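Enquirer: Have a look at this one before I ask anything.
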Amino acid sequence: MEPKQEPKVKFGEAVKITLRGYKEWWNIDTHIIIAPVCCAVVDGLSPFVGIYLSARIINELAGTHAAHTLVTLVLTALISAIVLTFLSAVLQCWKNCQQIHFWFTRKKFTLDKLLSMDFVKIEDPNTAIELKEIEDNEDYTGWGLKKLPRALEPIIKAIITIGAAAGLTVSMFTLRVPEESSLAIFNNPLFLAAIVIALLGITFLAPLFANKVGSYWSYYGETETIGNRLRWFYGQGLSQHRFRQLDVRIYRQDELADVVLSKPGAYSPGTLISKWAKGPMGLLNAASGAVSQVFVGAAYLFVCVKALGGAFGIGSVTQYVASITALSGGIAALMTELGGLGNNATFLQKLFEFHDIPNEMYQGSLTIEKRSDKKYDIEFCDVSFKYPGSEDYALQHVSLKFTVGQRLAVVGINGSGKTTFIKLLCRLYDPTEGEILLNGINIRKYDYKEYMSIFSVVFQDFQLLSEPLGQNVAAKMFYDEKKAKACLEGAGFGERLLEWPKGLETYLYKHLDEYGVDISGGEAQKIALARALYKDAAFIILDEPTAALDPIAEFEVYSRMNEIVGGKTAVFISHRLSSCRFCENIAVFHEGKIVQRGSHDELVADETGKYFELWNAQAQYYTA
């Protein structure tokens with residue numbers, strides 16, 4: 001089996017995509033581009049300074065032996081070597097410093113796209129598959145945007161090498177053999193042209209063979225991403241993730257890993273790539289090396305024959321042999337790197353197709369009125385919603401209005417539409433039918449970011465960062481310590497905070513600090529609630545806010561909820577009905593519809609209603 005024709009992207013498109021990639025890197029971090037270019041210029045020129053001066057010294061030794069000239073040449077060679085070596089070391093250090101955060105800046109490119117992408121696209125499984133394929137190609141094989149900075153230095157260095165070598169080689173062809181010599185045929189322009197064409201032909205063959213080998217790796221790396229991902233997970237991810245260790249040990253999931261890892265991997269003996277390596281890839285590599293040696297031999301022969309004919313002295317022989325060999329190496333390196341970029345264009349194309357996924361959600365432009373009393377009215381007007389690709393309605397004909405300061409409980413069994421209701425309220429999705437109004441205006445007309453700013457949400461699957469507690473609460477590097485502490489106390493975390501010597505500077509978890517503190521699920525939920533309070537938004541939405549708390553802690557949180565929330569509107573999403581006693585307004589969801597509205601006392605009195613059924617199913621937890 002042969003790999004598909006490479007490159008898959010046409011030449012013109014490959015150039016366009018690659019240039020766009022370098023432009024993206026320039027926008028991300030200009031130093032990632034400038035540093036390798038500077039290193040390449042210095043490192044590319046350095047050898048030729050030595051070659052040129054060494055040839056002058058040898059010619060002087062073989063010629064007039066002028067002491068003053070020799071001293072000048074030797075000192076010049078010595079000083080230039082010291083200066084260039086020092087400059088190269090400084091630039092390499094600078095480049096290495098810039099590339100320390102190379103991986104993080106690369107990831108930011110994708111992160112920025114994800115943060116700006118319509119949420120509906122984020123939840124689309126196809127988006128996750130595309131993103132994972134892109135990351136696998138970069139992490140496992142080095143293709144994609146990741147390859148560009150690493151290819152830049154050898155490309156620039158090759159160009160510098162070609163230019164400098166050509167400059168030192170030109171006189172080899174222009175200096176004439178004395179006409180009386182039997183080797184005067186080397187002065188014939190046609191003969192010289194034939195020699196140049198032959199040398200260039202040999203030079204271009206080697207990288208062509210090497211690039212063909214690269215196409216095998218490119219094709220195979222693309223087709224084996226699933227196998228690589230599977231082996232990585234069972235080889236490292238399963239064992240290194242401490243949160244999986246409980247299940248791994250109890251259920252002996254390591255036996256699954258043994259089975260997977262015992263099977264031949266993507267690059268094991270007997271696989272397709274190993275057969276290619278022993279067959280066409282091996283032959284192409286051998287041919288590339290052999291052709292390179294043929295060039296070296298031909299260059300030595302041509303230079304020595306012209307020197308033998310009297311065209312130039314022995315010092316020039318060293319210059320020409322070194323220069324023409326470097327010229328060939330520079331051309332070969334340039335061809336190889338450009339060929340690699342051609343193969344890489346396929347992976348860049350996938351990255352940019354992902355990056356260019358258009359946002360279809362209307363962003364709006366109206367400014368939300370900054371009211372001192374935070375007077376906001378939200379109204380659902382006959383709202384229905386289907387998730388993309390689904391034929392079934394997740395919500396149907398929902399009409400509901402609530403005002404600032406109210407406590408609204410949204411209850412129902414799992415799958416009744418509660419979380420979907422919140423996603424629509426926060427405008428993570430737009431309704432399929434109907435509209436949602438803020439102060440009488442369709443929320444689609446408001447500036448999207450401004451609209452999002454009026455909500456604080458504790459999602460059911462919230463996440464905290466392995467950062468100091470204060471930064472987790474404020475979601476900022478710099479924050480108001482008094483406000484952060486007050487929010488933590490309001491969320492019921494005050495006593496635990498007093499136990500930590502470093503207070504708000506205490507790291508959560510141990511990923512970034514060996515003295516970090518591991519917290520329980522209930523403690524994490526309280527911190528998430530404090531984060532919602534710190535934002536000081538007009539609406540606080542709590543999706544299963546006490547799911548990880550014990551009944552006592554749950555009662556404490558709810559009994560202080562009015563104090564915690566203050567004059568803000570609070571929306572509680574829960575299938576545990578203990579929250580309902582603290583809310584004057586309850587909406588009961590069932591099968592995507594609101595089937596009941598009212599206070600706790602009103603709803604529990606209706607023995608035929610869904611609320612009465614749910615309450616009595618859980619009554620043992622809430623009655624004395």
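The values are calculated or read from the model by the stated rules, or taken from the named source; none is laboratory data. For clarity, every value in this text was computed on a predicted model and none was experimentally measured. Cβ atoms come from the backbone with ideal geometry, glycine included; neighbour counts cover every protein chain shown.
Enquirer: Being touching a helix residue (DSSP H, G or I) at 6+ places or on another chain (Cβ under 8 Å), at pLDDT 90 or above and crowded, with 16+ Cβ neighbours inside 10 Å narrows it down to one residue among Leu464, Leu488; which is it?
Expert: Exactly one residue qualifies, and that residue is Leu488.
Yes or no, residue by residue, for (1) of a type outside the set (A, V, I, L, M, F, W, C); (2) in contact with a strand residue (DSSP E or B) (Cβ under 6 Å, 6 or more places away or on another chain); (3) surrounded by fewer than 18 Cβ atoms within 10 Å (Cβ to Cβ):
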{"position": "Pro358", "(1), (2), (3)": "yes, no, yes"}
{"position": "Glu379", "(1), (2), (3)": "yes, yes, yes"}
{"position": "Val383", "(1), (2), (3)": "no, yes, no"}
{"position": "Ser390", "(1), (2), (3)": "yes, no, yes"}
{"position": "Val398", "(1), (2), (3)": "no, yes, no"}
{"position": "Lys401", "(1), (2), (3)": "yes, yes, yes"}
{"position": "Asn414", "(1), (2), (3)": "yes, no, yes"}
{"position": "Tyr448", "(1), (2), (3)": "yes, no, yes"}
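Enquirer: Could you check how many residues of the range 143-162 are within 18 Å of the chain's Cα centre (by Cα), closer than 20 Å to Cys97 by Cβ and not hydrophobic (A, V, I, L, M, F, W, C)?
Expert: Residues meeting the conditions: 3.
Enquirer: Looking for whichever is in contact (Cβ under 8 Å) with a residue 40 or more places away in the chain and at negative phi here; the options are Ser520, Ser453. Which one fits?
Expert: Checking each option against the conditions leaves just Ser453.
Enquirer: Do we find a residue being under 22 Å from Gly340 (Cβ atoms), touching a Phe, Trp or Tyr at 6+ places or on another chain (Cβ under 6 Å) and either in contact (Cβ under 8 Å) with a residue 60 or more places away in the chain or not assigned by TED's automatic domain parsing to the domain that holds Trp143 (or both) anywhere in the range 33-52?
Expert: Checked the range 33-52: at least one residue is under 22 Å from Gly340 (Cβ atoms), touching a Phe, Trp or Tyr at 6+ places or on another chain (Cβ under 6 Å) and either in contact (Cβ under 8 Å) with a residue 60 or more places away in the chain or not assigned by TED's automatic domain parsing to the domain that holds Trp143 (or both).
Enquirer: Next question. Val457 - would you say it is farther than 19 Å from Tyr376 by Cα, not small (Gly, Ala, Ser) and not in a loop (DSSP other than H, G, I, E, B)?
Expert: no
Enquirer: Right, next: Give all pairs with beta carbons closer than 9 Å in which a residue from the range 115-129 that is touching a residue at least 12 places away in the same chain (Cβ under 8 Å) and aromatic (Phe, Trp, Tyr) meets a residue that is surrounded by 13 or more Cβ atoms within 10 Å (Cβ to Cβ) and not in a loop (DSSP other than H, G, I, E, B); count only pairs at least 6 apart in sequence or on separate chains.
Expert: Taking only residues 6 or more apart or on different chains, the pairs are Phe119/Lys423.
Yes or no, residue by residue, for (1) out of contact with any helix residue (DSSP H, G or I) (no Cβ under 8 Å at 6 or more places or on another chain); (2) under 16 Å from Phe539 (Cβ atoms); (3) surrounded by 14 or more Cβ atoms within 10 Å (Cβ to Cβ); (4) hydrophobic (A, V, I, L, M, F, W, C):
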| residue | (1), (2), (3), (4) |
| --- | --- |
| Glu337 | no, no, yes, no |
| Gly340 | no, no, yes, no |
| His355 | no, no, yes, no |
| Met361 | no, no, yes, yes |
| Leu366 | no, no, yes, yes |
| Leu395 | no, no, yes, yes |
| Cys426 | no, yes, yes, yes |
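Enquirer: Those residues that are within 18 Å of Arg444 (Cα to Cα) and either within 36 Å of the chain's Cα centre (by Cα) or of a type in the set (Gly, Ala, Ser) (or both), I need them from the range 388-407; list them, please.
Expert: Ser399
Enquirer: Of everything in the range 548-580 that's modelled with pLDDT of 70 or more and assigned to a helix (DSSP H, G or I), which residue is farthest from Leu395 (Cα to Cα)?
Expert: Glu563
Enquirer: So Asp139 ticks every box in (1) without any contact (Cβ under 8 Å) to a residue 12 or more places away in the chain; (2) exposed (fewer than 15 other Cβ atoms within 10 Å of the Cβ); (3) more than 30 Å from Gly310 (Cα to Cα) but one. Which box is left unticked?
Expert: (2)
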